[in-house]
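Chemist: This is the structure I have questions about; it appears just below.
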There are 2 protein chains.
Amino acid sequence: MQDLSTELPLFQSIDSAIVEAILSARIRPGARLNENQLASLYGVSRTRVREAMMRLEARCIVRVSPRRGWFVVEPSADEARYIYGARRMIEAGLLRSMGPLDAAGRAALHQHLELERAAIAAGDRQRLTCLMGDFHIRIAQLAANPVLIEILRDLTARTILISLLYQSEFHAVQSHEGHCQIVEALEAGDAERAAALAVQHLDEVEDGLDLTRQPDPLADLRETLQPNREPGTSPRSPSAFT
Amino acid sequence: MQDLSTELPLFQSIDSAIVEAILSARIRPGARLNENQLASLYGVSRTRVREAMMRLEARCIVRVSPRRGWFVVEPSADEARYIYGARRMIEAGLLRSMGPLDAAGRAALHQHLELERAAIAAGDRQRLTCLMGDFHIRIAQLAANPVLIEILRDLTARTILISLLYQSEFHAVQSHEGHCQIVEALEAGDAERAAALAVQHLDEVEDGLDLTRQPDPLADLRETLQPNREPGTSPRSPSAFT
DNA sequence: TGGACAAATCTTGCATACAAGACTGGAAAG
DNA sequence: CTTTCCAGTCTTGTATGCAAGATTTGTCCA
């Protein structure tokens, strides 16, 4: 294995690089995380890679299969339900406790909704997946509670993995409209309605999942070998959605 | 250092042993966690101890001071406020989403309240601290959502550390009554009231904290050397409260 | 051709060695 | 008597080595 230590600086820790990759849907559930590869990628020894894995394991972001390897988690159907359930309770509680939006908060949310609209117009599904999750983190940021933000960030990461596993159709427009309605309610100072809308929104997204779908162990191979794809278009890159 | 490997079996992982010790208030915030000592206590090498520390670090249970050591976290005043804030939102959302109690749930909660009463009668402050935190975990258990239970367990652990740092007076009876009211509301199927009561209860507990108090680096020594204590009574053991 | 077995390879699990910073205690200088 | 400095000690930070299980691949036999 060649030395790649000069390729990527250790700007950010391994932990956040991996979480970031999940949050932006650049890495798939079940992806293998090889200790040696990560070590040479970051120019450190396996020790530090393992430490990062241990931390991510505690956050339910990766799992280890003994003597086989580390993998990005693939939430089961049950787990998916629990995660959506937890998010419903937490986000409802969060929204209900929120006072009226200040100018900065309103601006931040509107800017985010604008990004969503742009991504929809561009048909950039990967970016949309990322933005859809980010919306909920932004709400938590309005509450300016770092503890809650951390909790919701990890739940969002797991939610994105769930989407990649079970999302049959991607109702981007519907989700976007849900977000708009929540923002509207917040601007009207109607926290109660915002909370109810958030619960309903999460319900809709969860309903859009096909939780009966079995994880396909051949998915990666299938995609890689898929024929008649235009050259230059990576299988994982943005693709138009219907 | 003598070999203590036969003293404690590795029944439970180091992680849960430490969390358990915090949840039962057997270990103080700021307590040092020496890698070598833990290693020989559990009969393993430092490697595995460090792995446990990394996981606990990701859960904000311990922190490392570079080249000085590992310590049980001492939440700052700000952090304490964030944690109580997060708990208010999460527990309110949880309670509001709960349906009417079934027989098993009612039994579990009543049994818990009974334990609280017994501890109050016995004047066992350490046990009470533990029970007071456990109440909220039990509520989460009723929702049967493992994801939420994990989140609340970690928040509870940190809450207990906060109590040990900042709780000036321990209003055990008042807290117990708060719990009773919440259970009553749940039994009446009034989730809305239960949620409001929980928020109010957490507010009261937070108000009972003296967040201006600076962490006393001499606390341990002070307690250890405190004179005129009856022999046989450990400084950390149950003590009557007023 | 198909299946079973075995060697080779890969990957993690765990311990250990050594480096480096932080602290302690004592000696020496003012 | 106080302060400063330095050697010794302790503790964590990081790399590395080896063991052991899992997987793969190639070969042999039916």
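The values are calculated or read from the model by the stated rules, or taken from the named source; none is laboratory data. Remember, predicted model here, so these are calculated numbers, not experimental data. We place every Cβ from the backbone using ideal geometry, glycine too, and count neighbours over all the protein chains shown. Heavy atoms of the whole protein, side chains included, go into the accessibility calculation; ligands, DNA and RNA do not. Shrake-Rupley method; radii C 1.70, N 1.55, O 1.52, S 1.80 Å.
Chemist: Using only protein heavy atoms and a 1.4 angstrom probe, determine the accessible area buried between B and A, summed over both sides, in Å² to the nearest 100.
Modeler: Details: alone 13110 and 13180 Å², together 24040 Å².
Approximately 2300 Å², summed over both chains.
Chemist: Once both labels are modelled 7 Å past Cα along the beta-carbon direction, what's the residue B:184-residue A:219 spacing in nm?
Modeler: Distance between the two pseudo-spin positions: 5.1 nm.
Chemist: Consider all pairwise Cα distances in segment A:14-74 and report the whole-number % of them above 14 Å. Can you show the working numbers first?
Modeler: Details: 940 of 1830 pairs.
That tail contains 51 percent of the Cα-Cα pairs.
Chemist: Further question on the same structure: Quick one: label points 7 angstrom along Cα→Cβ at residue B:110, distances to the other copies in nm, smallest first?
Modeler: Shortest to longest, the spacings are 5.6 nm.
Chemist: Here's something else I'd like to know. Mind ranking B:129-136, B:97-104, B:140-147 by how tightly packed they are, going by the mean number of other C-beta atoms within 10 angstrom, highest first? Present the calculation step by step, with values, prior to reporting the outcome.
Modeler: Working: B:129-136: 21.9, B:97-104: 12.8, B:140-147: 19.0.
Put in order of decreasing packing, that is B:129-136, B:140-147, B:97-104.
Chemist: A further question follows. Hey, how many Å between the Cα centroid of segment B:162-206 and the Cα centroid of segment A:147-217?
Modeler: Each part reduced to its Cα centre gives a spacing of 31 Å.
Chemist: On to the next question. So what's the angle, to the nearest 10 degrees on a 0 to 90 scale, between helix A:191-207 and the longest Cα principal axis of chain A?
Modeler: Value to nearest ten degrees: 40.
Chemist: Give, to the nearest whole percent, the P(r) tail of chain A beyond 34 angstrom, counting all Cα pairs. Write down the numbers at each step before the final one.
Modeler: Working: 5945 of 29161 pairs.
It works out to 20 percent of all Cα pairs.
Chemist: Using a label point 7 Å beyond Cα on the Cα-Cβ vector, give me the inter-copy distances for residue B:69 in nanometres, one decimal, shortest first.
Modeler: 4.1
Chemist: Here's a follow-up. Treating only the Cβ of Lys, Arg, Asp and Glu as charged (+1, +1, -1, -1), what charge dipole size does the protein assembly as shown show about its Cα centre? Round to the nearest 20 debye.
Modeler: On the way: 54 positive and 66 negative charges, 324 e Å.
So the magnitude is around 1560 debye.
Chemist: Still on this structure, I have one more. Roughly how crowded by other chains is peptide B:78-90, in terms of the mean Cβ count from those chains within 10 Å of each of its Cβ atoms?
Modeler: On the way: counts 1, 2, 0, 2, 8, 4, 1, 7, 13, 3, 3, 16, 10.
What the average comes to for B:78-90 is 5.
Chemist: Calculated from DSSP H runs of 4 or more alone, at -39500 (n - 2.57) each and per residue, what is the 222 nm mean residue ellipticity of the protein assembly as shown, nearest 500?
Modeler: Details: 20 runs with 300 residues, N = 484.
Helices in the protein assembly as shown give a 222 nm mean residue ellipticity of -20500 deg cm²/dmol.
Chemist: Follow-up question, since we're still on this one. Does the protein assembly as shown come out rounded, prolate or oblate by the C-alpha gyration tensor, with a ≥ b ≥ c the root eigenvalues, rounded set by a/c under 1.5 and, if not, prolate when a/b is larger than b/c and oblate if not? Intermediate values should be presented prior to the final figure.
Modeler: Working: a/c = 2.04, a/b = 1.29, b/c = 1.58.
Since a/c reaches 1.5 but b/c is at least a/b, the shape of the protein assembly as shown is classed as oblate.
Chemist: Looking down the axis that turns B into A, which residue of B has the closest beta carbon, and how many Å out?
Modeler: Closest to the rotation axis on chain B: B:93, 1.
Chemist: Over all directions, what mean area does the Cα convex hull of segment B:1-141 project, stated in square nanometres?
Modeler: 11.2
Chemist: If you count only protein heavy atoms with a 1.4 Å probe, what accessible area per residue comes out for the protein assembly as shown, rounded to a whole Å²? The partial results should precede the final answer.
Modeler: Numbers: 24040 Å² over 484 residues.
So the protein assembly as shown comes to 50 Å² accessible per residue, rounded to a whole number.
Chemist: How far is residue B:167 from the same spot in each other copy, in nm, shortest first, if each label point sits 7 Å from Cα toward Cβ?
Modeler: So the label point of residue B:167 gives 4.4 nm to the other copies.
Chemist: Something else: Treating the angle as unsigned and between 0 and 90°, give the value, to the nearest 10°, between the Cα long axis of helix A:77-96 and the longest Cα principal axis of chain A.
Modeler: 40
Chemist: Could I ask something else about it? What is the mean number of Cβ atoms from other protein chains located within 10 Å of the Cβ atom of each residue in peptide A:143-156, rounded to a whole number?
Modeler: For this peptide, the per-residue mean of nearby foreign Cβ atoms is 4.
Chemist: Same structure again: Computed over the Cα atoms, what is the radius of gyration of segment A:77-207 divided by 2.2 N^0.38 Å, N being its residue count?
Modeler: Numbers: Rg = 13.7 Å, N = 131, 2.2 N^0.38 = 14.0 Å.
Compared with the compact-globule rule of thumb, segment A:77-207 sits at 0.98.
Chemist: Shielding by partners for B:45-57, please: the mean number of other protein chain Cβ atoms within 10 Å of each residue's Cβ. Present the calculation step by step, with values, prior to reporting the outcome.
Modeler: Numbers: counts 0, 0, 2, 0, 0, 4, 6, 2, 3, 10, 8, 3, 4.
Mean inter-chain Cβ contacts per residue within 10 Å come to 3.
Chemist: Something else about it: Put +1 on the Cβ of every Lys and Arg and -1 on every Asp and Glu Cβ in segment B:60-121; which of B:100, B:73, B:89 then has its Cα farthest towards the positive end of the dipole?
Modeler: Towards the positive end, the residue furthest out is B:73.
Chemist: Also: Determine, for each peptide in B:164-172, A:61-69, the mean count of other beta carbons within 10 angstrom over its residues, then list the peptides with the highest first. Can you show the working numbers first?
Modeler: Values: B:164-172: 16.9, A:61-69: 12.3.
The packing order, highest mean first, is B:164-172, A:61-69.
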